[in-house]
Amino acid sequence: MITVHLVTARMPSGPQTMPSTATTVDQYHAQFERLIGGDLSSQPEDLLQLRYAAMDRFEQLGFPTTQQEEWRGTSVDSIARTDFQLLDDSDLADQPPETFCLDDELVGSQVVLVNGRFAPHLTALEELPAGVVIQGLADVLAAEPGLVLPHLGRVADFDEQAFVALNTAFLMDGIFIHVPESLHAQRPIHVIHLSAIGEMPGQSHPRTLVVAAANSRLTVVEHYAGNGTGPAFTNAVTEIVSQKSAGVDYVRVQREPENTTHIATIQTHQEADSRVALHTFTTSGGLVRNDVNATLRGPGAEVLMNGLYLVRDHQHVDNHTRIDHVAPHCTSNENYKGILDGHGRAIFNGRIVVHPDAQKTNAVQSNRNLMLSDQALVNTNPQLEIYADDVKCAHGSTVGQIDEETLFYFRTRGIDRDTAQNLLVDGFAREIIRQIAAESVRISVQNLVSDWLTDGHIASGPDRDKLGVSITDHE
Amino acid sequence: MLEIKNLHVSVEGQEILKGIDLKIKPGELHAVMGPNGSGKSTFSQVLAGRDTYEITGGKVLYGGRNLLELSPEERSLEGVFLSFQYPVVIPGVNNTYFLQAAVNAQRKYRGEEEIDAVDFLALIKEKIKLVQLDESFLHRPVNEGFSGGEKKRNEILQMLTLEPKLAILDETDSGLDIDALKIVAEGIDSFRSPERSFLVITHYQRILNYIEPDRVHVLLDGRIVRSGGPDLAHELEQKGYGWIQYDNSAPGNGADA
């Protein structure tokens, strides 16, 4: 169905922005001082030290600029220029949980966080199996810090990642999910992160820590939604620890309003024979940057990394992924797909690093893009760095459009052009969605994608010669 | 049923069809035979409505209406079916779902109620037996990973389900082994009726051993250079197309009497 050009591509140099001014970083420093000077007695000393170190590091790094390789195509200048205020959940205390229920199916398995703070009054959980912990990070830190401190801030490294540093510096609360050894959690756990802001620019730094003990299984879904009218800045960090032979299915759905800038970092730590599936769905938001990173530390570990981004209007979605094969005999399977319409802009930058000891690595990476408009633009850049000699690695990316011959085939069967196009786009997306193991989650995501298609004013007949695809040869 | 008068078609300024005349009555099966490059596929694609061709002259009447004015989907909804020489692979779109969408487009067009998934599955399971494809093909993306023969059988399955009045079969026999050829030919033959017409476009005579044509036409260099009864096909099989090429006394008029 798609005109396929097998390409490896790298980004053209985009407009350069000035390094963020000291003043902006100072404003964050001031907010940090106010926060840390407040009620912090409940936080363990170890965590406070981590937060101070993170703030120091953020002040050194500043906001990334487009002069940095990892941020060449995505300018976060708008964040650096805006005076976002830290948000709390005080306005929402008296709202009933139903207000935030995204799906009737979720009742009984949903945890709600508002502006990064655990909201027990909005959370409705059925009785959990013995040993399963689903609690606000602040509560666990106060009651049982030993469960959290070995992992928190140790999976997602902030040394080179300014936004992880910023999130860690502002770490007040968040959500902690722990499944004990050999327990298979049957129901998916839905975490709903709501950014509730007023008319003024607001920021939140949601934090999630998932720990799956040896031989355990669980499915976690994180939904990011918002209801504000003013500009919002969400800076989320999720750390996932999958211990020996544990299995984690992680699904992330980003559906915040257009005026949201969403920066996300997901980082796994995987021990021997563990299996983690990371599914990242982006269907909205003005500026979205997802950094999804997996580290395969134990032999036999496996990661499935899937992504689907639906981009239209003037949205900008940047997916950066990194898979580190540290141990031998590990497998990674990465498949990202994009559907771009309108003036949408997307970046895929996928990096697989096979470390010297990671013999017998098996890594496959693919990025495919379907262009529905001649004004949309995608930059795709798959990268392999291999330092071991006995490995199997393959990667590739394609950019294409629905071709006229395929549409003609539908039409000769009485199916009109618009219906055909919707069926094709739906089919393209379905290949990613169907890999979600939990059926209820799969249906919920499928509905979201169908809604996107129905809402859409999908442009008809992309002009073959004017596709906004910028591709140059991989160096 | 179908009346073609002096049809001229060009691609990028080059004339491919140079004045075709052909008349097919209800219930008739006509075979158009010709070597590679004679314009066979252009002919079938133009009749189905492919817009990459430029029609520079002539008329095509279908049931008295000007077929060339209709969009490809309108032609289908009015009962024209094209079995593709190279059926298109559609990743991600389930075969059953595709056919159900086609059937429902047809029902909607006729002002009938749409068929639901359960009833449709029962219907399609009956039809698929006729082309001897396994039911698992119903749940696979359209033509994805199908062999050449399976793709052609899938085309015939679509034809049997959509029940056209005029079926145009473009080299449906090419690339088939003898068993698959027999299945496809029997599928076509069982579908013949006094109201239904067929235009079978082929390079080889062998499919006509199973489905006897009422008329055979020879297409050479964009023209029908000879028309006759079923015997013409046998003659071509024995003598090849060269025989006609050098036989200058043959009338260059393919119009049915």
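Averaging the sequence gap over all C-alpha pairs within less than 8 Å and six or more residues apart, then dividing by the number of residues, gives the range A:142-248 a relative contact order of 31 percent. Calculated from the alpha-carbon coordinates, the range A:296-426 shows an Rg and a Dmax of 18.0, 57 Å respectively. With the helix formula -39500 (n - 2.57) applied to DSSP H stretches of n ≥ 4, chain A reaches a computed 222 nm mean residue ellipticity of -6000 deg cm²/dmol.
The modelled label-to-label distance for the pair B:Asp134/A:Ser450, using points 7 Å beyond Cα in the direction of Cβ, is 3.0 nm. Heavy-atom accessible surface of the protein assembly as shown, averaged per residue, reaches 39 Å², computed with a 1.4 Å probe. A dipole drawn for the protein assembly as shown from +1 and -1 charges on Cβ atoms has a positive end, and of A:Gln270, B:Val118, B:Leu181 the residue lying farthest that way is B:Leu181.
Of the residues A:Arg297, A:Arg81, the one with the largest accessible area comes first in the ranking A:Arg81, A:Arg297, computed with a 1.4 Å probe on protein heavy atoms. Interface area, chains A and B: about 2100 Å² of buried accessible surface, summed, with a 1.4 Å probe and ligands, DNA and RNA left out. Estimate the FRET efficiency between B:Asp116 and A:Leu149 by the formula 1/(1 + (r/R0)^6), using the beta-carbon distance for r and 51 Å for R0, to the nearest 0.05. Step by step, r from the Cβ atoms, then E = 0.35. Here's the picture: charge each Lys and Arg Cβ at +1 and each Asp and Glu Cβ at -1 in chain A, and of A:Val364, A:His178, A:Phe58 the one pushed furthest to the positive end of that dipole is A:Val364. The lysines whose alpha-carbon is closer than 26 Å to the alpha-carbon of B:Lys165, local same-chain residues fewer than 8 away aside, are B:Lys5, B:Lys23, B:Lys25, B:Lys40, B:Lys59, B:Lys108, B:Lys125, B:Lys127, B:Lys129, B:Lys151, B:Lys152, B:Lys182.
Beta-bridge orientation, chain B: approximately 55 percent antiparallel, per DSSP, counting only bridges with both partners inside.
Eigenvalues of the alpha-carbon gyration tensor of the protein assembly as shown, scaled by 5 and square-rooted, set the equivalent ellipsoid semi-axes at 61, 25, 24 angstrom, largest first.
A cut-off under 9 angstrom between Cβ atoms defines the neighbours of A:Arg417, and their net charge, with Lys, Arg +1 and Asp, Glu -1, is -2.
So what is the relative contact order for chain B, in percent, with contacts set as C-alpha pairs under 8 Å and at least six apart? The value is 28 percent. Neighbours of A:Leu152, meaning other residues whose beta-carbon lies under 14 angstrom from its beta-carbon, give a summed charge of -4 when Lys and Arg score +1 and Asp and Glu score -1. Measuring r between the beta carbons of A:Thr419 and A:Thr24 and using R0 = 60 Å, the FRET efficiency lands at 0.75.
The label point for B:Arg107 and the one for A:Gln68, both projected 7 Å from the Cα toward the Cβ, are 5.7 nm apart. For the protein assembly as shown, the fraction of 1.4 Å probe accessible surface lying on carbon and sulfur atoms is 47 percent. Between the helical axis of B:117-130 and the longest alpha-carbon principal axis of chain B there is an angle of about 50 degrees. Cα centroids of the range A:162-191 and the range A:206-247: 5 Å apart. The angle separating the long axis of helix A:22-36 from the principal Cα axis of greatest extent in chain A is about 40 degrees. Work out the FRET efficiency for A:Glu160 and B:Val89 from their Cβ-Cβ distance, taking R0 = 51 Å, and round it to the nearest 0.05. Efficiency computed from Cβ-Cβ geometry: 0.70. May I ask you to list the residues of the range A:283-318 whose amide nitrogen lies under 20 Å from a point 7 Å from Cα along the Cα→beta-carbon direction of A:Ala388? Residues A:293-305 qualify, since their backbone N sits under 20 Å from the label point.
Take the Cα of A:Asp313, step 7 Å along the line toward its Cβ, and report every residue of the range A:241-269 whose backbone nitrogen sits under 19 Å from that point. Residues passing the 19 Å test: A:253-263.
Mind grabbing the base-10 log of I(q)/I(0) for the range A:134-268 at q = 0.20 Å⁻¹? Debye formula, identical points on the C-alpha positions, no solvent, two decimal places. Summing over Cα pairs of the range A:134-268 leads to -1.20. The 1.4 Å probe gives accessible areas that order A:Cys330, A:Cys393, largest first, as A:Cys393, A:Cys330.
Taking amide hydrogens as placed 1.01 Å from N in the peptide plane, the amide H of A:Thr265 sits under 5 Å from those of A:Ala236, A:Val237, A:Thr238, A:Asp291, each at least 5 positions away in sequence or on another chain. With both residues required to sit in the protein assembly as shown, DSSP beta bridges show an antiparallel share near 20%. Once C-alpha pairs closer than 8 Å and six or more residues apart are averaged by separation and normalised to the residue number of chain A, the relative contact order reads 13 percent. Across the range B:201-214, rounded Karplus estimates of 3J(HN,Hα) from the backbone phi angles (6.51 cos²θ - 1.76 cosθ + 1.60, θ = phi - 60°) give 9, 8, 8, 10, 7, 4, 5, 6, 5, 9, 10, 6, x, 7 Hz, Gly and Pro being marked x.
The angle between the Cα long axis of helix A:439-455 and the longest principal axis of the Cα atoms of chain A comes to about 60 degrees, rounded to the nearest 10.
Near A:Glu222, the amide H atoms lying under 5 Å from its own belong to A:Val191, A:Val251, A:Arg252, A:Val253; only residues 5 or more places off or on other chains count, and H is placed 1.01 Å from N.
The values are calculated or read from the model by the stated rules, or taken from the named source; none is laboratory data. Note that this is a predicted model, so its numbers are computed, not measured. Quick reminder, even Gly has a Cβ in these numbers, built from the backbone with ideal geometry, and neighbours come from all protein chains shown. Surface accessibility is based on the protein's heavy atoms, side chains included, excluding ligands, DNA and RNA. Shrake-Rupley method; radii C 1.70, N 1.55, O 1.52, S 1.80 Å.
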